[in-house]
Protein chains: 2
Amino acid sequence: MTSRRKFIRTAAAASAGLSILPSFNVLSKSPNAQLRIGFIGVGFRGQGHLSRALERNDIEVVAICDIQQRMMDMALTRVRKSGKSRPKVILEGPYGYKKLLDNKDIDAVIISTPWEWHARMCLDAMNAGKYVGCEVNTGATIEECWELVRTSERTGMPMMMLENVCYRRDVMAVLNMVRQNIFGELIHLQGGYQHDLRGVKFNDGKDPLGPGAEFGEKAFSEAQWRTQHSVHRNGDLYPSHGIGPIAMMLNINRGNRFTRLSSYATKARGLHNYVVKTGGENHPNAKVNFKLGDVVTTMIQTSNEETVLLQHDTNLPRPYSLGFRVQGTNGIWMDVNKSIYIEGQGKEHGEWEDAKPWLEKYDHPLWKKYASDAAGAGHGGMDWFVFNAFVEAAKQRVQTPQDVYDAVTWSAISPLSEASIANGGAAMEFPDFTSGKWMYRKNDFAISDSY
Amino acid sequence: MTSRRKFIRTAAAASAGLSILPSFNVLSKSPNAQLRIGFIGVGFRGQGHLSRALERNDIEVVAICDIQQRMMDMALTRVRKSGKSRPKVILEGPYGYKKLLDNKDIDAVIISTPWEWHARMCLDAMNAGKYVGCEVNTGATIEECWELVRTSERTGMPMMMLENVCYRRDVMAVLNMVRQNIFGELIHLQGGYQHDLRGVKFNDGKDPLGPGAEFGEKAFSEAQWRTQHSVHRNGDLYPSHGIGPIAMMLNINRGNRFTRLSSYATKARGLHNYVVKTGGENHPNAKVNFKLGDVVTTMIQTSNEETVLLQHDTNLPRPYSLGFRVQGTNGIWMDVNKSIYIEGQGKEHGEWEDAKPWLEKYDHPLWKKYASDAAGAGHGGMDWFVFNAFVEAAKQRVQTPQDVYDAVTWSAISPLSEASIANGGAAMEFPDFTSGKWMYRKNDFAISDSY
């Protein structure tokens with residue numbers, strides 16, 4: 001059977017629901033067996049996933065790979081404290097991960113590395129026959145996105161971008177409400193990433209969130225690499241927390257798709273001001289020309305004629321807000337004011353109502369079932385859910401609930417928005433990464449309480 | 001002296017502040033004299049302005065013009081109740097307003113007619129030497145906008161679009177804060193018109209806000225004409241309530257200008273659904289194909305590299321919200337959650353704070369002075385301020401605080417957004433209606449407590 005035919009069977013099975021993939025070569029164990037995982041990148045984010053793995057009895061941590069002794073030591077401390085057996089340790093520079101992939105005992109990998117390493121690592125992992133769970137975002141260029149799709153199709157290996165906000169409790173309750181037609185026909189949705197990251201993009205080289213004006217080699221943790229993207233790129237660099245949940249509500253790649261987008265960016269002031277404030281006017285980084293506009297706004301059109309508004313706002317002092325808005329023919333929910341209005345069901349005509357009772361009433365079955373398991377995991381518990389979903393899909397040898405088409409569709413917003421801004425706000429056509437399958441696929445994300 | 005030279009002197013004087021215009025032919029009285037006003041259009045909106053005029057002792061209502069006996073009767077009842085002398089009544093069809101303009105005793109006109117009549121009436125009024133106060137919006141096409149500018153420049157007659165939200169109490173407090181640098185350098189602003197107008201666009205032909213599925217000839221008041229724009233046009237049809245205040249904060253046409261915009265529109269569902277709900281599936285209007293997308297989103301770029309986001313959302317059930325957001329390098333204010341965050345001045349790092357104490361602390365001098373006068377006037381008092389500003393400028397024979405450049409700049413968003421949507425979200429260049437004067441003009445809007 002050719003690879004292509006294999007994938008067609010796979011895709012057809014997946015489109016019918018959480019069906020078993022027919023043709024994995026690597027995974028031959030029965031469902032509910034142990035999943036053997038390798039971790040590529042155990043910085044703070046990777047360590048979070050590692051902790052989720054160590055607290056489960058259905059996972060064996062086979063190997064860990066990183067490029068920094070300090071991070072590796074922290075990861076191994078977590079292993080030691082868990083009482084689990086010590087995994088194979090690979091500390092052999094940026095391409096050491098290939099040695100991890102050579103390990104035939106590994107079923108799946110979790111990739112938590114700098115963005116620019118995601119695509120090549122995902123490609124190598126799928127080619128090595130591993131299930132891939134990769135941190136946001138995957139694919140910094142449209143070409144990379146296509147290569148990820150074609151590689152997943154050719155190898156039959158699922159690739160899941162670990163977008164945790166799809167599992168946020170209020171977001172899942174609203175998804176539940178969308179599916180129960182509370183909002184009527186969806187019309188307009190909003191989301192984004194509005195998070196003051198100045199303390200993440202700069203530190204003192206010691207404390208990851210410590211005060212300081214350093215980035216790159218003199219910094220520690222994310223500031224070592226993430227800030228480079230603010231120096232060199234101008235666009236929505238981090239779309240998935242906003243667009244993931246929205247895409248699931250709009251059935252993107254499942255009867256609907258994004259057709260085009262336009263992005264506008266403001267001037268860049270926040271990062272420079274922060275360097276001056278924390279490091280002084282004469283700090284070398286005060287001379288850096290940060291390209292990333294402080295606020296980047298993106299409009300997206302769908303084939304079903306909804307619009308989506310995305311905002312990226314990470315360089316200014318502001319309260320955290322993903323800025324969700326879900327609006328349909330019956331009413332509207334917004335998270336910034338924690339309010340809802342559903343016509344004919346509110347207390348007063350045209351008055352906002354506290355969303356809380358609605359969110360509790362429509363609490364998603366997954367949260368009802370697993371809230372206590374998730375308690376204590378990162379980001380209010382949603383990190384538990386996204387990790388669990390990947391693990392359960394990999395154990396059962398089925399397609400992941402967020403698949404390669406989702407990963408690249410959400411990630412492609414970054415390069416498309418950069419292109420739009422560079423071209424004076426021109427509307428950019430959105431690729432159809434499913435090559436037409438979006439017309440036939442069904443939405444099986446979180447349709448039950450299984451994962 | 002040629003008209004052109006006259007206007008240059010006028011503009012130079014205006015740019016120096018609230019200086020006296022040097023060369024009006026019509027107005028020869030000293031400041032603080034009576035202002036003689038004619039009203040063109042006395043529907044409900046015109047009647048509101050009429051009431052403001054009747055309660056003042058510095059205004060003589062010389063003539064009233066309308067096309068409907070019912071509205072005229074209501075207007076004359078207001079005159080009678082005020083005890084003021086009966087104005088000349090003109091009820092001679094759509095062009096009866098020209099007879100009003102022929103009246104040499106009229107200094108200024110207030111135009112409150114259907115949108116599509118604004119431009120021609122403003123042009124005729126300026127050519128007749130009248131001060132023009134015109135309801136929003138003015139100019140449905142770019143050509144009309146240019147004609148209004150050139151006519152104001154040629155005749156030397158000011159034209160003020162009566163944008164009342166520029167005078168909303170919280171908006172003026174925030175303007176005050178912007179000018180006192182509370183937000184630092186401005187980066188990104190938002191506003192819009194998010195108002196469920198279904199009950200305005202349709203009625204039963206008797207009650208202007210009554211239940212019903214009629215528009216056009218069978219309807220009453222705004223539904224007679226406003227709904228036609230939802231049938232035939234797709235764009236941001238009503239930008240000024242959002243953009244007016246934002247433009248003043250950003251010094252648009254005064255050291256800054258809009259350079260381009262892009263608009264996206266959703267499908268149109270709300271109006272059709274409303275017709276079916278109120279008139280049944282078989283109502284003739286259930287067959288109407290409404291072109292106006294339920295939610296229209298517009299991004300605007302400025303020459304000083306800020307961005308502005310505008311939303312137009314009038315066809316769906318939802319709470320009223322103009323959706324203001326003012327964000328700078330120091331912090332952010334939003335009206336939907338009535339909250340603010342200013343770095344280093346909040347109670348907690350990165351937490352929203354109730355905006356109320358800030359709005360009270362920075363209450364604008366105009367509101368401090370006139371709040372009691374404005375009490376009881378429409379829309380929370382702001383209608384008093386916008387009317388007063390026009391009257392005071394006309395009495396003192398100076399440029400109006402919102403001038404012809406503002407009127408057309410704000411109004412031009414409608415045709416530009418229609419063009420962008422019709423061209424698949426293409427970015428549209430924004431005309432410079434000041435022909436370069438924006439680089440030299442100073443912002444003198446509401447700089448004191450005079451008006």
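The values are calculated or read from the model by the stated rules, or taken from the named source; none is laboratory data. Everything quoted here is computed from the prediction, not taken from an experiment. FYI the Cβ positions are ideal-geometry reconstructions off the backbone, even for glycines, and counts take in every protein chain you see.
Structure notes:
- Condition check for residue A:354: surrounded by fewer than 22 Cβ atoms within 10 Å (Cβ to Cβ), more than 21 Å from the chain's Cα centre (by Cα) and either in the same structural domain as residue A:226 (by TED's automatic domain parsing) or in contact (Cβ under 8 Å) with a residue 40 or more places away in the chain (or both): yes
- Neighbours by Cβ (under 6 Å, 6+ apart or cross-chain): first from the stretch A:164-182, touching a residue at least 12 places away in the same chain (Cβ under 8 Å) and closer than 17 Å to residue A:325 by Cβ; second part of a loop (DSSP other than H, G, I, E, B) and among the charged types (D, E, K, R): A:173/A:363
- The stretch A:188-209 - residue that is part of a loop (DSSP other than H, G, I, E, B) and among the aliphatic types (A, V, I, L, M) and, of those, farthest from residue A:261 (Cα to Cα): A:209
- In the set (1) within 14 Å of chain A (Cβ to nearest Cβ); (2) on the phi > 0 side of the Ramachandran plot, the condition left unmet by residue B:93 is number (1).
- Wholly within the stretch A:296-347, strands (runs of 3 or more DSSP E) carrying at least 1 residues that are more than 10 Å from chain B (Cβ to nearest Cβ): A:307-313, A:325-328, A:331-334
- Hey, residue B:246 away from chain A (no Cβ under 12 Å), under 30 Å from residue B:304 (Cβ atoms), of a type in the set (A, V, I, L, M, F, W, C) and touching a Gly at 6+ places or on another chain (Cβ under 9 Å) or not: yes
- Residue within the stretch B:411-419 that is closer than 26 Å to residue B:177 by Cβ and touching a residue at least 24 places away in the same chain (Cβ under 8 Å) present: yes
- Considering residues of the stretch A:407-423 that are within 14 Å of another protein chain (Cβ to nearest Cβ) and touching a Ser or Thr at 6+ places or on another chain (Cβ under 9 Å) only, the residue farthest from residue B:428 (Cα to Cα): A:416
- In the stretch B:51-77, the residues that are more than 25 Å from residue B:376 (Cα to Cα) and either of a type in the set (Val, Ile, Thr) or not assigned by TED's automatic domain parsing to the domain that holds residue B:40 (or both): B:67
- Looking at the stretch A:96-187, none of the helices (runs of 4 or more DSSP H) lying wholly inside it contains 3 or more residues that are in contact with a His (Cβ under 7 Å, 6 or more places away or on another chain), modelled with pLDDT of 95 or more and surrounded by fewer than 20 Cβ atoms within 10 Å (Cβ to Cβ).
- Test: residue in the stretch A:248-269 that is under 25 Å from residue A:116 (Cβ atoms) and either assigned to a helix (DSSP H, G or I) or not assigned by TED's automatic domain parsing to the domain that holds residue A:334 (or both): no
- Selected residue (criterion: farthest from residue A:386 (Cα to Cα)) from residues of the stretch A:237-265 that are buried (at least 24 other Cβ atoms within 10 Å of the Cβ) and of a type in the set (Val, Ile, Thr): A:252
- Among the residues of the stretch A:407-437, those that are touching a Cys at 6+ places or on another chain (Cβ under 9 Å) and part of a helix (DSSP H, G or I) comprise A:407, A:408, A:409, A:411, A:415.
- Checking B:240, B:263, B:230 one by one, the residue that is more than 13 Å from every other protein chain (Cβ to nearest Cβ), among the hydroxyl-bearing types (Ser, Thr, Tyr) and closer than 21 Å to residue B:425 by Cβ is B:230 and no other.
- Residue ID - farthest from the chain's Cα centre (by Cα), chosen from residues in the stretch B:243-260 that are of a type outside the set (A, V, I, L, M, F, W, C) and farther than 27 Å from residue B:424 by Cα: B:255
- Residue in the stretch A:214-229 that is assigned to a loop (DSSP other than H, G, I, E, B), over 18 Å from residue A:71 (Cβ atoms), of a type in the set (A, V, I, L, M, F, W, C) and at pLDDT 95 or above present: no
- Scan of the stretch A:348-359 for residues that are of a type in the set (Gly, Ala, Ser) and facing chain B (nearest Cβ under 9 Å), ordered by number: A:350
- Note on the stretch A:429-451: residues that are surrounded by 24 or more Cβ atoms within 10 Å (Cβ to Cβ) and within 14 Å of chain B (Cβ to nearest Cβ) amount to 0.
- Checking B:139, B:156, B:133 one by one, the residue that is in contact (Cβ under 8 Å) with a residue 12 or more places away in the chain and over 22 Å from residue B:239 (Cα atoms) is B:156 and no other.
- One residue stands out among those in the stretch B:266-295 that are of a type in the set (A, V, I, L, M) and at the interface with chain A (Cβ under 10 Å from one of its Cβ atoms): the one that is surrounded by the fewest Cβ atoms within 10 Å (Cβ to Cβ), which is B:268.
- Count of the stretch A:364-402 residues which are among the charged types (D, E, K, R), over 15 Å from residue A:449 (Cβ atoms) and assigned to a helix (DSSP H, G or I): 2
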